[in-house]
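A short worksheet on the structure shown next.
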Amino acid sequence: MWFHPWWQELGFPRVPWVAMPGGAWAVGAIETAALLGLVIGLAALMILRLHRWCWWGIAAALAALIVLDQHRLQPWAYQSLLYAVILGGLPWREGRRWLMALAISVYFYSALGKLDFQFVHTVGHQMVQTLAAPIGGLGETTATKLAFALPLGELSIALALMFPRTRRIAGVAAAAMHLTLIGLLGPWSLGHSLGVLAWNGLLAVEVVLLFVVATRTATEVETTEQPESIDRSHATPAVSWAIRIVVFAALLLPLTERLGYWDHWTSWALYSPHNSRADVQIHDSVADRLPDHLAMFLADDEDGDGDRWHDLDLGGWSLDQRRVPIYPQARYQLQLALAFSNRHDLGPAVRVKLKSASDRWTGKRQETFLIGADELERHADRYWLGAPSP
């Protein structure tokens, strides 16, 4: 459940982007209003076709929900927010070009994120072996080498989408790639979440509409009449320029992801395990304080050292409670650990191993060990973003 009802106070903690005034009831009220606004905006868009104001309402509702919880910045939500702003504030002819640029950037940066030691030795290797399963699989070395073909193919699609002469065939190839991913990631195979499958389906439809169906020449497109409600911009020149700057930044900032300045998912690092992360452990002495929905994700102490520390599966907890993958950022996962540690008064009985993004060529990471809630809080205070849940 991407939306976290305010009455589920002991569920998956919220970790807002900035400190929010008021108590949990105030945040819950804002969330409820934003969710209603999102549903109403989508319904009005489909039924009444009040395009501009519907898109603005959708953008505002998504922005409010995301600000209240970092976990909601799923790739599809980020993409939808950008699209809503474009469709709400720019003329259709210009907006369509920005939409195409954003769509291409998804494939471009996703491919760059996978040209990585971690991908070819883990997720990419697994994908290749799954594809090769009907012929009995491949040797480990062969599968690892072939894993490089996956990001290279995606990068080729991104480059081909940039040019009118190759755009249609690249759009077909991209749609085929998404359908293949649905086959690979579905419950009949690798068992990824329903949200991941749905987003791949939507991306397949999007790429066909943007790059395949639009077969007319650029001149014909420019002279085609569009409905007045779509083609006329209701935004002021200042707002239009602000939108262009925001979208341009969204196209360039992923270049700074490896330097730690832009988050992994807003950089379209998809299916790429190089992301920073936090390994969280809970001591056996406080396990009985945890509610069942959290305790069920504590693993047994399997290292044999008798220290009675249990790994907490944040990813499994996220999928169970929110039905979406955990936000793949060390900052967020540390702040999440601090939130539930404070909620259940774990004190020194929680520890975290922070792991940096892995090196592209070697897969190695820098690691930082934090022991106890006090140390977690001191380290969390170093980040500009993130705040305790109200």
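The values are calculated or read from the model by the stated rules, or taken from the named source; none is laboratory data. Quantities reported herein were computed from a predicted structural model and do not represent experimental measurements. Reconstructed Cβ throughout: ideal geometry from the backbone, glycine too, with neighbour counts over all protein chains shown. Ligands, DNA and RNA are stripped out before the accessible areas are found, and what is left, the full protein with its side chains, is counted by its heavy atoms. Shrake-Rupley method; radii C 1.70, N 1.55, O 1.52, S 1.80 Å.
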For region 299-376, the charge dipole (Cβ of Lys, Arg +1; Cβ of Asp, Glu -1; about the Cα centre) points to a positive end, and the Cα of GLN329, SER318, ALA373 closest to that extreme belongs to GLN329
Rounded to one decimal in nm, the spacing of the 7 Å Cα→Cβ label points at LEU152 and ASP345 is 5.9 nm
The helix 92-114 Cα axis meets the longest alpha-carbon principal axis of the chain at an angle in degrees, between 0 and 90 and rounded to 10, of 40 degrees
Computed over the chain: longest principal axis from alpha-carbon atoms vs helix 149-161 long axis, angle to nearest 10 degrees, is 30 degrees
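When only Cα pairs under 8 Å and 6 or more residues apart are kept, what is the percent relative contact order across the chain? Kindly include the intermediate steps, with their values, before the conclusion.
Details: 557 pairs, mean separation 84.5, N = 390.
It comes to 22 percent, rounded to a whole number.
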For region 1-142, the charge dipole (Cβ of Lys, Arg +1; Cβ of Asp, Glu -1; about the Cα centre) points to a positive end, and the Cα of HIS121, LEU81, SER110 closest to that extreme belongs to LEU81
Rounded to the nearest 10 degrees, the helix 194-208 long axis (Cα) sits at an angle to the longest Cα principal axis of the chain of 20 degrees
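Probe radius 1.4 Å, ligands and nucleic acids ignored: give me the carbon and sulfur share of the accessible area of region 118-191 as a rounded percent. It would help to have the intermediate numbers written out before the result.
Numbers: 2710 of 3990 Å².
Carbon plus sulfur share of accessible area: 68 percent.
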Dipole check, the chain, charges on Cβ (K,R +1; D,E -1), about Cα centroid: among TRP98, THR180, THR266 the Cα furthest to the positive pole belongs to TRP98
Rounded to one decimal in nm, the spacing of the 7 Å Cα→Cβ label points at LEU255 and LEU385 is 2.0 nm
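With a 1.4 Å probe and all protein chains left in place, how much of the accessible area of region 280-390 comes from carbon and sulfur atoms, in whole percent? Before the final figure, lay out the partial values.
Details: 2770 of 5810 Å².
Result for region 280-390: 48 percent of the exposed heavy-atom area is carbon or sulfur.
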Taking every other residue with Cβ under 13 Å from the Cβ of ARG360 and scoring Lys and Arg +1, Asp and Glu -1, one gets +1
With +1 on the Cβ of every Lys and Arg and -1 on the Cβ of every Asp and Glu, the dipole magnitude of the chain about its Cα centre, in debye rounded to the nearest 20, is 1640 debye
Using alpha carbon centers only, region 47-99 is separated from region 258-285 by a whole-angstrom value of 26 Å
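Given the Cα-Cα distance of ILE40 and ARG93 and 0.36 nm per residue of separation, how much length would full extension add, in nm? Kindly include the intermediate steps, with their values, before the conclusion.
Numbers: separation 53, 0.36 × 53 = 19.08 nm, distance 2.63 nm.
Difference between extended and current length: 16.4 nm.
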Between LEU48 and ASP313, the two model label points (7 Å from Cα along the beta-carbon direction) sit apart by a distance in nm of 4.6 nm
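Using a 10 Å Cβ count of at most 10 others and DSSP loop calls, identify the longest part of the chain lacking such GluC sites (Glu not before Pro).
Details: sites that count: GLU225, GLU302.
With a cap of 10 other Cβ atoms within 10 Å, the longest stretch comes to 1-224.
Taking the Cα centre of region 50-195 as origin, sum charge times position over the Cβ atoms of Lys and Arg (+1) and Asp and Glu (-1), and report the length of that vector in debye to the nearest 20.
Numbers: 10 positive and 5 negative charges, 124 e Å.
With only Lys, Arg, Asp and Glu charged at Cβ, the dipole is about 600 debye.
About the Cα centre of region 243-373, how large is the charge dipole given +1 on each Lys and Arg Cβ and -1 on each Asp and Glu Cβ? Please answer in debye to the nearest 20. All intermediate terms of the calculation are to be shown ahead of the outcome.
On the way: 15 positive and 18 negative charges, 195 e Å.
Here region 243-373 has a charge dipole of around 940 debye.
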